[in-house]
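A.B. asks: Dumping the structure here so I can ask a few things about it.
The values are calculated or read from the model by the stated rules, or taken from the named source; none is laboratory data. This is a predicted model, so every value here is computed, not measured. Neighbour counts run over all protein chains shown; Cβ positions are idealised from the backbone, glycine included.
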Amino acid sequence: MRTRIIGSAVWASVLAIGLFGVPLAVAVLQYALVVERSELERAANTIAITVAADVSDDERVTRIDAPAEIRVTVYDEDAVRLSGAGPFEGGPEVGRALAGRVGTTADHGDLVVAVPVTHEDDVIGVVRAAVPRSTAMGRVALVWAAMAALAGLAITAAWLVGRRQARRLARPLEELAVAARRLGHGDFSVRTRRGGITEIDAVGSALDSTATRLDELLAREREFSADASHQLRTPLAGLRLRLEAALEGSDEDPRPAIVAGLVDADRLESTIDELLALARDRRATPPSRLDLPALLDEMSPEWRGRLALQGRSLALCVESGTAAPCTSPAAVRQILAVLVDNATTHGAGTVAVTVREATDAVAVDISDAGPGVREPVSALFTRRADQRGSHGIGLALARRLAEAEGGRLDLTRRTPPTFTLLLPPAPPEASSLPSPADSTAGVNVLVERCSSPAGAPAGTRARGV
């Protein structure tokens, strides 16, 4: 590209010089010939005045004062040479001079001018002045040499300008090539410099956007891998325990275990779909009215089974008249799974899940009787790869899911620890939560009045039987 830009600049200058320089050179030549003829005519007129008396008396002209390079010849009225080194008989130019006009011609490489010699208004002879054409061409050659030097200087300037422009245009493209190679090798932090050329800067901006998008895509894929491994670990462990228990009870009918295993597999598939949607920065399904009691009743058996292994219990409490939230069931399922798993792993005593009315929101409190949370809130919801002895990536994922649904997740009390999930309410015409007794058909629940655990307001407790 550098060579082509420089070549284009040089050829453009050569073409411009050719278009303007050649006609100008011809004009210089013509002008020089005109000037030379004017000089010859002036010299011939001066000599004609000097020799007019000698020609009138038919005497031989012996003295002619003229510049050394001019050859002067004097003719009589019959065009016969009287003096000088010119032709013995005058040519056409002499004939025109005898007719009273100035005659000019080019003869054998000479520039010739003939002027009449007059006496009392009569033409009595002719003075012929000649000079070698090379004399005039010498002066023209000097002018042409100066023009050629200027042309060479112009071409050199064009070469220098073209070289500079080529370097200015090629350097950003070379940097783009280097950036593209780095991007191809997996360096998504590559950024290009702006060179002030709109088209090249547009390419660099597109390359920067591509690098940013690839970086974000790779980060989402990594987050998805971490989220999937974190969220699938507990359901897979429950499924394995269920199957192992069914395998040990060889005398029992395996169908219930198989059916329960298929239900767990469906939940795993739903979890994977939701995490994929999160990784792609979109929701699997649009938000809709959520039946929270039915969702809690669906998830509580698994929670109770895990807590029972530690000698602990689960308490579910739904305040009567609480509005139904408008959100994605799968997202809330993942958030609640993270919070209950967190209370199961790091807490102690009864795990309480309370659904209550909040200001312009539906609140879900998850608490336990553990010693409390000592970590700063900023660190609590920060994604960390090392999960040993900490809350890992679960709470960070839960907060992201809550915010994606237009809600909020916060630690509202440190001791005993209480996490509160705020969800946007559904429209007023379909906002009231059904009572647990009116939940999905086929689910048997026991409804009783109770005092909500961990200081939550009194409400209706739904406990699976």
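A.B. asks: For the subset of region 117-150 comprising residues that are among the basic types (Lys, Arg) and in contact with a helix residue (DSSP H, G or I) (Cβ under 8 Å, 6 or more places away or on another chain), which member is modelled with the lowest pLDDT? Even if it seems obvious, please write down each step before you answer.
C.D. replies: Going through region 117-150, the residues among the basic types (Lys, Arg) turn out to be 128, 133, 139.
Narrowing the set further to residues that are in contact with a helix residue (DSSP H, G or I) (Cβ under 8 Å, 6 or more places away or on another chain) leaves 128, 139.
Numbers: Arg128: 86, Arg139: 83.
Top of the filtered list is Arg139.
A.B. asks: Ala145 passes all but one of (1) farther than 30 Å from Leu33 by Cα; (2) in the same structural domain as Ser38 (by TED's automatic domain parsing); which number fails?
C.D. replies: So the condition that Ala145 fails would be (1).
A.B. asks: Restricting attention to region 95-114, which residues are among the aliphatic types (A, V, I, L, M) and closer than 18 Å to Pro132 by Cα?
C.D. replies: Selection gives Ala106, Leu111, Val112, Val113, Ala114.
A.B. asks: Now a separate question. Could you figure out which of (1) exposed (fewer than 14 other Cβ atoms within 10 Å of the Cβ); (2) farther than 16 Å from Ser205 by Cα; (3) not hydrophobic (A, V, I, L, M, F, W, C) isn't true of Glu174?
C.D. replies: (2)
A.B. asks: Given the structure, is Gly162 of a type outside the set (Ser, Thr, Tyr), in a helix (DSSP H, G or I) and free of Cβ contacts under 8 Å to residues at least 60 places away in the same chain?
C.D. replies: The answer is no for Gly162.
A.B. asks: Across region 67-91, what is the number of residues that are in a loop (DSSP other than H, G, I, E, B) and without any contact (Cβ under 8 Å) to a residue 40 or more places away in the chain?
C.D. replies: So the count comes out to 8.
A.B. asks: Within the group Val113, Val94, which residue is part of a helix (DSSP H, G or I) and β-branched (Val, Ile, Thr)?
C.D. replies: Values: Val113 fails: part of a helix (DSSP H, G or I).
After ruling out the rest, the residue left standing is Val94.
A.B. asks: I've got another one for you. Among the listed residues Ala53, Ala66, which satisfies the condition of being in the same structural domain as Leu111 (by TED's automatic domain parsing) and surrounded by 15 or more Cβ atoms within 10 Å (Cβ to Cβ)?
C.D. replies: Checking each option against the conditions leaves just Ala66.
A.B. asks: Report the residue count in region 253-284 for those that are at pLDDT 70 or above and outside any helix (DSSP H, G or I).
C.D. replies: 2
A.B. asks: Another one. Before we move on, is Leu29 assigned by TED's automatic domain parsing to the domain that holds Glu69 and within 30 Å of Val74 (Cβ to Cβ)?
C.D. replies: So Leu29 does not fit the description; no.
A.B. asks: (1) surrounded by 16 or more Cβ atoms within 10 Å (Cβ to Cβ); (2) within 26 Å of Tyr31 (Cα to Cα): which one isn't true of Val117, the others all being true?
C.D. replies: (2)
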